[in-house]
Amino acid sequence: MNVGGSEAEGSSAGPPPPLEWKFSQVFGERTAGEEVQEVDIISAIEFDRTGDHLATGDRGGRVVLFERTDVKDHGSRRDMERMDYSVGRHPEFRYKTEFQSHEPEFDYLKSLEIEEKINKIRWCQIANGALFLLSTNDKTIKFWKVQEKKVKKISDMNMDHSQVAGNGGIAGSSASTGQEVRLPNGRCSDRPYNYPSSDSVFPPGGIPSLRLPVVTSHETSLVARCRRIYAHAHDYHINSISNNSDGETFISADDLRINLWNLEISNQSFNIVDVKPANMEELTEVITSAEFHPTHCNMLAYSSSKGSIRLIDLRQSALCDTHSKLFEEQESPGSRSFFTEIIASLSDIKFAKDGRHILSRDYMTLKLWDINMDSGPVATFQVHEYLRPRLVDLYENDSIFDKFECCLSGDGLRVTTGSYSNLFRVFGCVPGSNEAMTLEASKNPMRRQVQTPSRPSRSLTTLSRVVRRGSENPGVDTNGNAYDFTTKLLHLAWHPTENSIACAAANSLYMYYA
């Protein structure tokens with residue numbers, strides 16, 4: 001954006017100016033008073049590595065794919081970057097295709113219903129023009145290939161019907177008057193004696209009565225095919241899947257275990273993390289999220305319900321029960337309450353694109369961690385501090401257990417996460433930045449935005465910490481309206497190369513750009 005660009009140029013070391021977010025698109029917009037079907041509620045969002053494709057999953061087990069359209073007129077994005085072509089238009093997407101990924105199942109051994117809801121979607125590497133992605137529900141992971149297939153139809157024959165009528169067939173009158181050829185074994189040949197043999201030479205110009213179909217490609221259709229099914233490896237609900245940077249393996253995590261898979265092998269996985277105690281009564285924490293390092297194929301991180309993040313190295317041992325690093329923030333003495341552990345539980349973690357930082361989301365805050373500094377987070381962002389006095393109400397209606405996702409921008413300058421009343425927050429995370437915006441998932445995202453009060457400037461180094469807050473009005477939004485805990489923005493994704501955010505509000509997919 002050009003807002004405040006002159007100041008940014010004047011002091012290159014300063015933080016970037018705040019972004020001005022604008023509405024781009026909405027898919028599945030509800031009309032006033034329209035009731036949302038449970039199966040249509042979006043439960044997963046994911047951009048691919050290029051940002052040219054977007055996938056969503058819903059509670060009905062469907063996966064919907066969108067493709068970018070604003071770069072097609074100018075070739076691929078890589079070609080434009082090579083030519084130093086400036087993209088003036090914001091990202092625009094269109095519906096591509098959809099398919100039924102999972103169906104409801106019933107585990108008769110455990111008398112357990114398995115929902116078809118898509119928990120996570122992860123894109124794999126594109127090969128031969130085909131798209132590949134992983135999708136999972138609570139128990140089963142599936143590997144999908146989506147490819148264009150040309151529909152071929154017979155459009156015409158290779159000759160004019162008038163010529164057939166005029167010339168007649170080679171086997172026409174001669175065939176009717178010709179004599180049958182007797183074969184040595186007593187059988188009769190169906191051909192007349194004067195019918196050209198396979199060894200004879202065709203007349204110049206071919207046989208005019210030989211009719212062959214002319215096949216043409218009329219249209220192309222997208223076909224989604226399930227290549228592999230990775231099942232029967234988790235006793236508890238799968239909460240995460242993550243691709244490895246080697247392009248060959250991925251992990252899946254449930255409450256107590258993390259398994260390592262090879263994409264080509266669906267009947268075998270390796271258990272690399274197991275936190276299940278010998279006596280389940282001694283269980284104190286569970287795994288809530290797991291993700292591979294973006295560049296180091298031997299490293300991955302997983303979060304727990306106690307608010308800690310563990311970094312593990314697969315080179316250390318086959319079973320990584322011991323971690324390389326532990327990231328957790330010590331609670332201040334005297335601040336512990338009944339809700340302390342509940343709101344400390346991490347619902348999501350994400351690596352920055354460079355792999356240097358990890359972003360985590362607990363119920364109340366976002367925290368940014370430097371993997372080289374395990375003493376505490378380098379920055380903490382208060383998402384909805386105004387809810388702290390209402391934790392009892394949130395506990396009674398189970399909202400306190402909502403799992404909000406988080407994500408970082410491709411350049412690592414900003415972070416975002418969702419909240420209630422279909423709001424989401426965008427924070428600047430570079431030293432010295434005071435950017436803390438509140439936006440609404442609607443066609444007017446700035447409707448609830450208020451100017452952040454000025455704060456004393458802070459001199460931040462790489463080892464310093466900052467706490468940033470959003471709107472502080474207790475119990476009401478910036479327009480004085482009561483917050484709606486039934487409309488929650490749990491799922492969102494940031495475009496990998498541009499300032500564009502896709503977020504889910506019930507069954508609607510909203511997209512914004514800056």
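Values for this structure:
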{"quantity": "Flag if Asp58 is open to solvent by less than 80 Å² (accessible area, probe 1.4 Å), among the acidic types (Asp, Glu) and modelled with pLDDT of 95 or more", "calculated": "yes"}
{"quantity": "Residues of the stretch 372-390 classified as open to solvent by less than 10 Å² (accessible area, probe 1.4 Å) and in a loop (DSSP other than H, G, I, E, B), total", "calculated": "4"}
{"quantity": "Considering residues of the stretch 344-371 that are of a type in the set (Ser, Thr, Tyr) and part of a strand (DSSP E or B) only, the residue farthest from Asp254 (Cα to Cα)", "calculated": "Thr365"}
{"quantity": "Number of the condition not met by Thr50 [criteria: (1) closer than 21 Å to Leu439 by Cα; (2) modelled with pLDDT of 90 or more; (3) in a loop (DSSP other than H, G, I, E, B)]", "calculated": "(1)"}
{"quantity": "Residues of the stretch 337-356 that turn out to be more than 19 Å from Glu385 (Cα to Cα) and without any contact (Cβ under 8 Å) to a residue 60 or more places away in the chain, as a count", "calculated": "2"}
{"quantity": "Flag for Ser111 being out of contact with any Lys or Arg (no Cβ under 7 Å at 6 or more places or on another chain), of a type in the set (Gly, Ala, Ser) and modelled with pLDDT under 75", "calculated": "no"}
{"quantity": "Matching residues in the stretch 391-409 - criterion: being outside any helix (DSSP H, G or I), in contact with a Phe, Trp or Tyr (Cβ under 7 Å, 6 or more places away or on another chain) and open to solvent by less than 30 Å² (accessible area, probe 1.4 Å)", "calculated": "Cys407, Leu408, Ser409"}
{"quantity": "Residue selected from the stretch 19-33 under the condition part of a loop (DSSP other than H, G, I, E, B) and small (Gly, Ala, Ser), by the criterion surrounded by the most Cβ atoms within 10 Å (Cβ to Cβ)", "calculated": "Gly28"}
{"quantity": "Failed criterion for Ser303 (all others in (1) open to solvent by 20 Å² or more (accessible area, probe 1.4 Å); (2) touching a Leu at 6+ places or on another chain (Cβ under 6 Å); (3) among the small types (Gly, Ala, Ser) hold)", "calculated": "(1)"}
{"quantity": "Leu319 vs. criteria crowded, with 18+ Cβ neighbours inside 10 Å and either modelled with pLDDT under 95 or closer than 14 Å to Thr288 by Cα (or both)", "calculated": "no"}
{"quantity": "Every pair of residues 6+ apart whose Cβ atoms lie under 6 Å, when the first sits in the stretch 105-118 and is within 21 Å of Ser43 (Cα to Cα) while the second is aromatic (Phe, Trp, Tyr)", "calculated": "Glu113/Phe106"}
{"quantity": "Verdict on Ser221 being within 17 Å of Trp123 (Cα to Cα), hydroxyl-bearing (Ser, Thr, Tyr) and at pLDDT 80 or above", "calculated": "no"}
{"quantity": "Residues of the stretch 113-148 satisfying the condition of being over 21 Å from the mean Cα position of the chain (by Cα) and surrounded by 12 or more Cβ atoms within 10 Å (Cβ to Cβ)", "calculated": "Ile114"}
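One line per residue, one yes/no per condition, for (1) of a type in the set (Val, Ile, Thr); (2) over 20 Å from Phe404 (Cα atoms); (3) open to solvent by less than 40 Å² (accessible area, probe 1.4 Å); (4) touching an Asp or Glu at 6+ places or on another chain (Cβ under 8 Å):
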position: Leu222; (1), (2), (3), (4): no, yes, no, yes
position: Ala231; (1), (2), (3), (4): no, yes, yes, no
position: His234; (1), (2), (3), (4): no, yes, yes, yes
position: Asn239; (1), (2), (3), (4): no, no, yes, yes
position: Ser242; (1), (2), (3), (4): no, no, yes, yes
position: Asn262; (1), (2), (3), (4): no, yes, no, yes
position: Met299; (1), (2), (3), (4): no, yes, yes, yes
position: Leu311; (1), (2), (3), (4): no, yes, yes, no
position: Leu314; (1), (2), (3), (4): no, yes, no, no
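The values are calculated or read from the model by the stated rules, or taken from the named source; none is laboratory data. What you are looking at is a predicted structure, and each value in this text was computed from that prediction instead of being measured. A quick note on method: Cβ atoms are made from the backbone with ideal geometry, for glycine too, and the neighbour counts reach across all protein chains shown. Protein only, heavy atoms only, side chains kept; ligands, DNA and RNA dropped before computing areas. Shrake-Rupley method; radii C 1.70, N 1.55, O 1.52, S 1.80 Å.
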